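Coordinate-derived values only; no laboratory data. None of these values were measured; they are calculated from a predicted model. Cβ sites come from the backbone with ideal geometry, for glycine too, and all protein chains shown count toward neighbours.
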Amino acid sequence: MQLQPDQAALIIELSTARTSDTNNKAHRTESTWTHPINLTTSLTTCGTKYRAGQTMRHALLLIAHGSRDPAWKKPFEAIAEQLARTHEGPVVLCYLESASPSMAQGLALLLAEQPQQVTVVPLFLASGSHVRVDIPEFLAQARLEHPNLHWRLLPTLGELLPVQQAIAAAVQAQL
């Protein structure tokens with residue numbers, strides 16, 4: 001599909017159960033639907049080109065749980081510092097609770113950098129209620145308040161195979 005310069009593609013992958021007419025057995029089919037949409041409402045991936053062929057200014061909003069213990073934040077700060085050294089756009093670390101900056105404060109810091117795209121990175125090992133409810137609600141509100149930005153929510157770190165393998169290797173190395 002050829003897109004106009006002010007459009008992006010919304011791609012929805014559908015997985016549906018259907019019944020075959022020939023043998024009446026249920027099976028799952030997958031299909032992809034692509035639809036051009038205006039850039040002001042799109043979800044997109046890193047590096048998408050827009051308008052005059054420029055690369056979007058891509059920001060990372062890292063969200064960790066939070067703790068009143070300042071030492072607890074150190075591993076997350078180290079991750080943010082490593083990403084800031086290698087990522088071409090702004091990187092902001094914020095917390096759900098008990099630490100600052102809060103998610104709202106972190107988003108405000110990030111928006112001051114005028115990104116076109118924000119990728120939200122939940123720094124969690126698993127998807128508990130904060131990841132399943134609190135972060136998506138925050139992101140939905142941010143999308144409403146800033147409809148001209150492109151938003152993306154990554155899975156938790158613990159859901160990623162390379163992270164699982166790195167943890168297992170780190171544990172094994174300590175034995």
Which value in nm describes the separation of the simple spin-label points at Ser98 and Asp69, placed 7 Å from the Cα toward the beta carbon?
0.9 nm
Which peptide among 148-155, 166-173 comes first, and what is the full order, when sorted by highest mean count of other Cβ atoms within 10 Å?
148-155, 166-173
Between the modelled labels at Glu113 and Gln165 (7 Å from Cα along Cα→Cβ) the distance in nm is 2.9 nm
Checked against the positive end of the charge dipole of segment 47-174 (+1 on Cβ of Lys and Arg, -1 on Cβ of Asp and Glu, about the Cα centre), the farthest of Ala169, Ala84, Ala108 is Ala84
Residues with amide H under 5 Å of Leu123's amide H, sequence separation 5 or more or different chain, H placed in the peptide plane at 1.01 Å from N; which?
Ile63, Ala64
Taking 25 Å as R0, compute the FRET efficiency from the Cβ-Cβ separation of Ala140 and Arg85 and round it to 0.05.
0.20
Site Leu175, offset 7 angstrom along Cα→Cβ, radius 18 Å on amide nitrogen, limited to segment 150-167, gives 164-167
Take each of the peptides 129-137, 65-73, average the number of other beta-carbon atoms within 10 Å over its residues, and list them starting from the highest.
129-137, 65-73
Could you derive backbone 3J(HN,Hα) for segment 123-131 from the dihedral phi with the Karplus parameters 6.51, -1.76 and 1.60 (θ = phi - 60°), listing whole Hz in sequence and x where the residue is Gly or Pro?
8, 10, 7, 9, 9, x, 5, 4, 7
